[in-house]
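Asker: Please find one structure pasted underneath; my questions will follow.
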Amino acid sequence: MTDRPALTVVTDDPTPPYEQLRRQLVELIRYGVLAPGDRLPPVRQLAADLGLAAGTVARTYRELEMAGIVTSRRGGGTRVAAAPALGSDPVEALRERAAAFVREARLLGADEAQIVSAVAHALAAPKR
């Protein structure tokens, strides 16, 4: 991951930092930004970059490994699994993305009516 995408943790977000990081990494893998075999940054390096405790990043990596999304080897680092198990339930994926959108919209200060209006506007836009 030389030119790795920016990972961020929002401290105001009620979602725990390890979960924010896990979700971001899953998305990067799901959309091919991180490919099978790509190495993730070392735990200590990523923790320092994000201002997190190393244990927080380690927990993220452990959860991804338990889900079969990454593999870890002592001395070999943590890499994206050859065939990441990202789940194929489109309804669940849609719910996760909707929940993420709502969280981000609330962090921007949007109320429920504004969020619903933004979704309605997006649905009314011409399909690309």
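Asker: Take Ser88 and decide whether it is farther than 14 Å from Glu19 by Cβ, over 15 Å from the mean Cα position of the chain (by Cα), of a type in the set (S, T, N, Q) and modelled with pLDDT of 90 or more.
Answerer: Criteria not met by Ser88.
Asker: Moving to a separate point now. Evaluate the following for Ile69: is it under 16 Å from Gln24 (Cβ atoms) and at pLDDT 80 or above?
Answerer: Considered against the rule, which asks whether it is under 16 Å from Gln24 (Cβ atoms) and at pLDDT 80 or above, Ile69 comes out as yes.
Asker: Could you count how many residues in region 9-50 are surrounded by 12 or more Cβ atoms within 10 Å (Cβ to Cβ), farther than 13 Å from Ile69 by Cβ and not charged (D, E, K, R)?
Answerer: Qualifying residue count, region 9-50: 16.
Asker: Then there is this: Checking Val10 against (1) under 11 Å from the mean Cα position of the chain (by Cα); (2) under 22 Å from Val102 (Cβ atoms): exactly one of these is not met. Which one?
Answerer: (1)
Asker: Which helices (runs of 4 or more DSSP H) does region 17-116 wholly contain that include 3 or more residues that are free of Cβ contacts under 8 Å to residues at least 12 places away in the same chain and basic (Lys, Arg)?
Answerer: Fully inside region 17-116 and qualifying: 90-107.
Asker: Then there's this: Does Leu52 count as modelled with pLDDT of 90 or more, under 15 Å from the mean Cα position of the chain (by Cα) and within 16 Å of Val9 (Cα to Cα)?
Answerer: no
The values are calculated or read from the model by the stated rules, or taken from the named source; none is laboratory data. Fair warning: this is a prediction, and the values are worked out from it, not measured in the lab. Cβ: placed from backbone, ideal geometry, glycine included. Neighbour counts: every protein chain shown.
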